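Worksheet: one structure, shown below.
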2 protein chains.
Amino acid sequence: MNPNLQINWINSLLEFDKIPSYQSVRDAAENLSGIVVRTPLLESYALNEKLGARFFLKCETLQHTGSFKFRGAYNTISRLAEEQKASGVFAYSSGNHAQGVALSAKMLGIKATILMPEDTPSVKLDNTRGYGAKVVTYDRYHQSREDIGRKIAEENNLTLIKPYDNYFVISGQGTTGIEIAEQLKARDVHADICVCPAGGGGLIAGTSLALRDLSPDTKIYAAEPKNFDDLKRSLELGERVSNEPGHRSICDAIVTPIPGEITFGINKTTLAGGLAVSDAETRSALRAAFHYFKCVVEPGGAVAIAAVLSGKLDIKGKTVVAIASGGNVDPMLFSEILAERA
Amino acid sequence: MNPNLQINWINSLLEFDKIPSYQSVRDAAENLSGIVVRTPLLESYALNEKLGARFFLKCETLQHTGSFKFRGAYNTISRLAEEQKASGVFAYSSGNHAQGVALSAKMLGIKATILMPEDTPSVKLDNTRGYGAKVVTYDRYHQSREDIGRKIAEENNLTLIKPYDNYFVISGQGTTGIEIAEQLKARDVHADICVCPAGGGGLIAGTSLALRDLSPDTKIYAAEPKNFDDLKRSLELGERVSNEPGHRSICDAIVTPIPGEITFGINKTTLAGGLAVSDAETRSALRAAFHYFKCVVEPGGAVAIAAVLSGKLDIKGKTVVAIASGGNVDPMLFSEILAERA
């Protein structure tokens, strides 16, 4: 093991021990100030009228790279030790995390290598390369992502940027929650409910840490696709359980197998519960976001909207925030969903 | 003529005499503060890379009612005399102005009556009714909008809210320009070029008044659909000329016949010129806004993006702002455009 690699390894151990907190989210907000997009908290009078509630949409679709993932990636990469920065970073992801890591690295002048399945839609490969990352592809049916990843990272002494189970990643995502609280306060509004999409649970863990301090009465719910509601069931059981294999969902961005270890440690203390939505409810939510908010939301990013609009919670007379976590959707799929009658 | 009607008539004469200025735009910004959405000025690193320029998109698609029209409508209606407010307001429009007037009136507790063609797409009729307005329809092939309008307004003593040739309307739209200047300044950026869609010319008149004071070196261009480039040709000739009849465009929101009188009086002193774009270029711009910005833009709202992306200006190494003025597009049309190969 060369000395740099040892430093990287020690750093990653230290980091793993740290538990994100309201303070670490605050620190992230300071670190990301002027770097991330302070995404709008939108409201539609027409939709409010229809729901008999006050509904706000936090548009992380308008974040750099089209999803909240940029927040956590930048917060993490910008804090690496100089040795780590000099060697470069590494991530495996077929989607939003890849783009967040690629752009963050580019902005910081750091080399990024991303491992992606060779059958990743070309638009996502192109986007990731467009941010200057080196993309390495593998055959996901015959090769182990972890084995190839470890080999590439070790040979090139790269630092792995995990998608959610990381102190700085979770803290970075939590800046979304700080913005929500500040934006509501500026309008003199208190949120009764906040619903947030959950895959690995990084966004909702960070956001709930922020809201627990800034808006302690707000009930926070995780939204997940049906059959991928591992967080909902884990919350009910009080321990991490995984999804049954063999199911499919259009919500490709958030079909993770099991809640993260660090994220679940937070989420089990901060959340009010989970809500599972069908693909049909998600498709309908995409059309609603188009109609009422003129926003392009990807399926995985629309599950919180879907949970609210399909009536999974009693919201009459209440104030509700839903987070639209990403907008990187294939144009043909979006076109098809728009053309469906509601 | 009843006394109230006389008051309304005198008020409207007084108003017509006033010429919008930087100060009237500033006053509008104060009046609209906390009421309008401070819409984001978005940037895409991937698009910047592709263009070799710095390109900002001002997203008025995210304004209340999905277009900039809310700014001018609210600024105007909120300043009516108490007698006018008590009687109610009136507008004719098949689109964005109708929705801007309807919601502004609703927020101010004023009755609104909107005259719309009976063959208006039902989604637009529904939206306008959804904001609480009384919608009156007419047969646009056999009835005169002006005659019916005058009759309704006189019988009910309603105040007509014009779509662009009005002091407070132009001043309200200009708050878009103040926001652009402030948002650029916050990032320490200077805009070389600003391109803005033009129909009647209210948005670009107000915006150019703001930018002339706040960013005097910025060259401002009007974008229009091909064959509806009345402002471009009027600027070249130094006098108002109209479009030839018989042409069609998908940019329904901005196919006005001739530049406004007050708006052209301003635009001929503030603009650098006009740019005409084809429907194919506009369709391509809709796809670009979807891909790079996750924004839903309607055809008429996308002509400024189209003008820049189709290379009508030399932007290499420059900083360019394009305004996306509205997002109220029929989902079937949007679906069709998305599905086309670029």
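A DSSP coil position with no more than 10 other Cβ atoms inside 10 Å describes the following trypsin sites (Lys or Arg not before Pro) in the range A:289-318: A:316.
For the range A:283-296, the Karplus equation 6.51 cos²θ - 1.76 cosθ + 1.60, evaluated at θ = phi - 60°, returns couplings of 4, 5, 5, 4, 5, 5, 5, 5, 6, 8, 10, 6, 10, 8 Hz by residue, with Gly and Pro reported as x. Each copy carries a label point for residue A:187 at 7 Å from Cα toward Cβ; from one copy, the others' points are 2.4 nm away, ordered from shortest. Using a ≥ b ≥ c from the Cα gyration tensor of the range A:219-342 (square roots of the eigenvalues), is it rounded, prolate or oblate, where a/c under 1.5 gives rounded and otherwise the larger of a/b and b/c decides, a/b for prolate? It is oblate, given that a/c is not under 1.5 and a/b is not larger than b/c.
Computed from backbone phi, the HN-Hα couplings of the range B:83-93 come to 4, 5, 4, 5, 7, x, 10, 9, 8, 10, 5 Hz, rounded to whole numbers (Karplus: 6.51 cos²θ - 1.76 cosθ + 1.60, θ = phi - 60°; Gly and Pro given as x). Dipole magnitude for the range A:70-165: about 320 debye, using +1 per Lys or Arg Cβ and -1 per Asp or Glu Cβ, origin at the Cα centre.
Kindly state, to the nearest 0.05, the FRET efficiency for residue B:81 paired with residue B:330, given R0 = 25 Å and r defined as their beta-carbon distance. Efficiency, rounded to the nearest 0.05: 0.10.
Rounded, prolate or oblate: which one fits the range B:157-302, using the alpha carbon gyration tensor with axes a ≥ b ≥ c (rounded when a/c is under 1.5, else prolate when a/b beats b/c, else oblate)? Judged from the Cα gyration tensor, the range B:157-302 comes out rounded (a/c under 1.5).
The value for the range A:70-165 of Rg(Cα) / (2.2 N^0.38 Å) is 0.98.
The GluC sites (Glu not before Pro) of the range B:229-284 meeting both criteria, a DSSP state outside H, G, I, E and B (loop) and at most 12 other C-beta atoms within 10 angstrom of the site's C-beta, are B:239.
Ranked from shortest, the separations from the 7 Å Cα-to-Cβ label point of residue A:339 to its equivalents in the other copies are 0.1 nm. Spatially, the range B:290-309 and the range B:29-43 are offset by 20 Å when compared through their Cα centroids.
As a calculated quantity, the FRET efficiency between residue A:242 and residue A:141 at R0 = 25 Å, using C-beta atoms, amounts to about 0.75. Converting phi to 3J(HN,Hα) with the Karplus coefficients 6.51, -1.76 and 1.60 and the offset θ = phi - 60°, the range B:269-279 yields 9, 10, 9, 8, x, x, 9, 9, 10, 7, 4 Hz in sequence order, with x at every glycine or proline. Computed about the Cα centre, the dipole magnitude for chain B is approximately 580 debye when only Lys and Arg (+1) and Asp and Glu (-1) carry charge, each at its Cβ.
Chain A residue nearest the axis that carries A onto B, by Cβ, with distance in whole Å, is A:335, 2. Hydrodynamic analysis of the protein assembly as shown uses the Kirkwood radius over alpha carbon pairs. Inserted into Stokes-Einstein at 37 °C and 0.692 mPa s, it gives a translational diffusion coefficient of 126 µm²/s.
Only protein heavy atoms count here; on that basis, with a 1.4 Å probe, residue B:111 has an accessible area of about 150 Å². Put simply, the amide H of residue A:92, placed in the peptide plane, has neighbours under 5 Å in A:115, leaving out anything fewer than 5 places away on its chain.
Calculated FRET efficiency, residue A:339 to residue A:155, Cβ-Cβ distance, R0 = 60 Å: about 0.80 to the nearest 0.05.
In the assembly of identical copies, residue B:118 has its label point, taken 7 Å from Cα in the direction of the beta carbon, separated from the corresponding points by 6.4 nm (ascending, one decimal).
The values are calculated or read from the model by the stated rules, or taken from the named source; none is laboratory data. These numbers were taken from a predicted model, which means no experiment stands behind them. Heads up, the Cβs are rebuilt from the backbone with ideal geometry, glycines too, and the neighbour counts pull from every protein chain shown. For the accessible areas, the whole protein counts, side chains as well, though only heavy atoms, and no ligand, DNA or RNA atoms are used. Shrake-Rupley method; radii C 1.70, N 1.55, O 1.52, S 1.80 Å.
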